[in-house]
Amino acid sequence: MVKRKRFFFNAGRKINHFCFILGLILISGLNADSSKALTKITYLLSIDENRWRSYRISIIIEKNSAANFIFSLPGMHHEEQLRKESDIRVFNFIAQGESNFVLEYEKISYNRWLVKAGEHGILRITYDVEVDPTVLTGQRLSSRGTLINSQAVFMGVEGYEELPLTLRVQVPLNWKIITSLPPSTAIDEYAAENYSHLIDSPIHLGELQDYYFTIGNQTFNITINPSRTFNIDKFLSTIRRIVATETYLFKEVPFDTYYFMVEIYEHLENERALGHCGATTLELPILKLKRDVNFFAPLVAREFFKCWNGCRFYPKVLITDLNSTQQFTQSRWFTEGLAEYYSELVLVRSNVWNSQSFYSKISERIARLEENPWQHKVAVQNVVSFNSQTSDEIAEFCRDKGYLLALFLDFQIRESTHNQQSLDDVVRFFNWWFGKNNQPFEAEDILRAVNSISQHDFSEFFNRYVRGTQSLPYSALLDSAGYQITISSEWIADLGRLEELNRQNIITSLRNESPFADNGFMIGDRIVQVDTVKILSKMDLLNYIEKKPPEALLTFQLVRNHKSITIAITTGKKGKIKCQLSIKPVLNDFQKQLQQEWLKLTPNWFATSKRNN
């Protein structure tokens with residue numbers, strides 16, 4: 001008894017001691033959190049007006065009580081080559097404490113800096129970011145203006161990402177400042193809810209042409225850099241129609257003001273776009289705009305669709321890497337497929353495309369998927385992420401199959417409900433339920449929603465084509481909707497997928513047994529011409545090769561070390577799938593109604609654009 005009593009006594013002392021230590025830990029943690037909440041962080045953005053080559057960023061931290069800080073630049077994750085170029089892109093890094101005291105810092109990885117704050121209550125971190133057009137929707141800077149991808153410019157303060165932030169912008173006097181961030185109390189000062197809000201808000205600066213239109217109570221702003229003449233009225237009308245059609249689809253908009261920030265360049269090879277929750281940025285080549293002013297329409301439709309698909313409803317992330325912007329989810333086929341599918345369907349409903357153009361695009365998707373070797377190797381649900389290591393074939397497979405799954409789910413839901421419900425109702429439900437509750441959806445929620453809305457069990461469909469690798473039965477799925485398809489094949493010239501080339505047609509790697517490695521090409525060579533045709537992009541080269549017969553002789557003109565050289569290559573061959581989608585010659589009443597409802601134009605409530613003074 002004595003020993004037992006002593007045992008409990010000692011145990012009680014140990015428990016009391018443990019609780020005391022735990023209490024100290026909790027109190028210190030609360031104190032740390034409360035002191036962190038008092039910290040004030042301000043960002044300053046200015047322009048190098050001497051060379052027009054870089055942005056200068058300052059991060060001011062006030063009421064600091066931490067000994068160390070880590071600053072990281074997440075925008076570097078988008079391009080693998082930036083790991084090698086980060087020393088060039090970020091330079092003049094300076095850390096200062098109170099009274100301009102120089103603080104010690106260490107670069108601990110390609111995109112992270114450790115700063116030793118000591119006992120300084122105020123810190124100022126300053127660095128320059130070189131203008132880099134290769135960054136996703138990259139920056140181009142001149143005395144006329146610039147479009148800034150904030151994610152590639154503003155470093156984050158690790159551990160302080162949820163604090164509200166202030167941004168001050170200093171630009172030449174004649175420049176306009178356009179951003180989706182709300183204005184703060186001072187002139188040229190803006191407020192961000194947190195770091196994610198800051199880097200999701202692009203900034204358009206310069207001598208800009210400024211237009212706007214309204215739909216209901218929402219205002220949509222379009223800013224364009226001064227450029228050569230093109231059909232601006234049709235350009236603005238296309239954006240209005242797309243916006244009106246997508247807002248009509250969802251029956252609501254999750255914002256009061258939205259921005260389209262457009263930069264038009266003379267020497268840009270390929271168009272680029274990036275959607276955010278409050279803005280879409282567009283970089284467009286003037287030559288393509290003059291040739292076809294509506295060529296950019298699918299970009300706008302896809303990126304604006306992210307206001308809902310990605311911002312309002314979004315998939316649950318399976319794995320989170322805190323030092324990466326990459327997300328892993330089994331629902332990627334759904335989010336990518338919806339974006340691709342509706343970006344084209346919307347163009348028909350808004351009368352930007354005719355139905356035949358849409359049918360041609362569906363045919364191209366089917367042909368591309370049939371040529372893709374991954375469709376029988378992996379279930380589309382298992383393509384959980386895209387990154388710099390993901391091959392073009394896998395990413396293309398996920399988008400194309402996701403697109404076609406969305407199309408055929410649309411048809412099947414319409415058939416199951418006698419045209420009373422459709423995929424439109426599924427996306428509206430996702431926006432209403434998951435957007436309203438601000439909760440991510442899981443992979444299983446897609447099937448649950450489709451089953452609930454259609455009152456039909458699609459489990460077998462998902463098991464075969466989403467979780468499995470079976471080929472889609474195109475003829476059967478299209479026949480029910482009143483369409484028919486013919487699929488044929490032929491042999492064409494082939495040089496592979498040209499994965500050795502970057503956007504500037506420069507060879508960056510040489511794989512064993514590749515056509516380039518076998519014929520004397522070298523890393524650093526730039527392809528400028530094939531036969532008598534100038535090549536401006538990788539797509540130009542692929543399109544030219546595919547027009548040639550098998551085993552064709554091609555003469556490449558290269559630039560190597562500033563000298564022009566010529567190399568001849570004999571191509572291989574590959575099978576080329578051709579598809580043609582058309583309406584069946586005889587339709588029943590159900591099929592007529594399905595096609596009419598599916599492609600029905602949005603009611604004519606398009607607003608008129610106005611130019612700001």
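The values are calculated or read from the model by the stated rules, or taken from the named source; none is laboratory data. Keep in mind it's a predicted model, so treat the numbers as computed, not measured. Here the Cβ positions follow ideal geometry from the backbone for every residue, glycine too, while neighbour counts run over all protein chains shown. Keep in mind that these areas ignore ligands, DNA and RNA; they rest on the heavy atoms of the full protein, side chains included. Shrake-Rupley method; radii C 1.70, N 1.55, O 1.52, S 1.80 Å.
For this structure, a couple of remarks:
- Odd one out for residue 42 among (1) closer than 13 Å to residue 117 by Cβ; (2) polar (S, T, N, Q); (3) open to solvent by less than 20 Å² (accessible area, probe 1.4 Å): (1)
- Complete set of residues in region 545-563 that are open to solvent by 80 Å² or more (accessible area, probe 1.4 Å), more than 25 Å from residue 368 (Cα to Cα) and in contact (Cβ under 8 Å) with a residue 12 or more places away in the chain: 553, 561
- Residue within region 354-363 that is open to solvent by 10 Å² or more (accessible area, probe 1.4 Å), touching an Asp or Glu at 6+ places or on another chain (Cβ under 7 Å) and under 20 Å from residue 309 (Cα atoms) present: no
- Test: residue in region 391-401 that is of a type outside the set (Lys, Arg), surrounded by fewer than 19 Cβ atoms within 10 Å (Cβ to Cβ), modelled with pLDDT of 95 or more and assigned to a helix (DSSP H, G or I): no
- Residue 542 under 27 Å from residue 285 (Cβ atoms) and either outside any strand (DSSP E or B) or touching a residue at least 60 places away in the same chain (Cβ under 8 Å) (or both): yes
- The set of residues in region 212-244 being of a type in the set (S, T, N, Q) and either out of contact with any His (no Cβ under 6 Å at 6 or more places or on another chain) or at pLDDT below 95 (or both) consists of 214, 217, 218, 219, 221, 225, 227, 229, 231, 237, 238.
- Enumeration of residues in region 441-494 that are assigned to a helix (DSSP H, G or I) and in contact (Cβ under 8 Å) with a residue 60 or more places away in the chain: 443, 446, 465, 474, 477, 478, 479
- Assessment of region 508-517 against the conditions (of a type in the set (Val, Ile, Thr), open to solvent by less than 80 Å² (accessible area, probe 1.4 Å) and assigned to a strand (DSSP E or B)) yields no matching residue.
- Remark: pairs (first residue in region 404-425, of a type in the set (Asp, Glu); second residue not in a helix (DSSP H, G or I); Cβ separation under 7 Å; 6+ apart in sequence or on different chains) = 410/422; 415/480.
Residues are listed down the side, and each one gets a yes or a no for (1) of a type in the set (A, V, I, L, M); (2) in contact (Cβ under 8 Å) with a residue 60 or more places away in the chain; (3) not in a helix (DSSP H, G or I):
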{"position": "226", "(1), (2), (3)": "no, yes, yes"}
{"position": "229", "(1), (2), (3)": "no, no, yes"}
{"position": "238", "(1), (2), (3)": "no, yes, no"}
{"position": "241", "(1), (2), (3)": "no, yes, no"}
{"position": "248", "(1), (2), (3)": "no, yes, no"}
{"position": "254", "(1), (2), (3)": "no, yes, yes"}
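- Output for region 527-539, where each listed residue is part of a strand (DSSP E or B) and either surrounded by fewer than 17 Cβ atoms within 10 Å (Cβ to Cβ) or acidic (Asp, Glu) (or both): 528, 529, 533, 534
- Region 576-595 residues that are small (Gly, Ala, Ser), paired with ones that are open to solvent by less than 40 Å² (accessible area, probe 1.4 Å) (beta carbon under 9 Å, 6 or more apart): 582/359; 582/483; 582/485
- Selection from region 480-506 of residues that are at pLDDT 85 or above and open to solvent by less than 30 Å² (accessible area, probe 1.4 Å): 480, 481, 482, 483, 485, 492, 493
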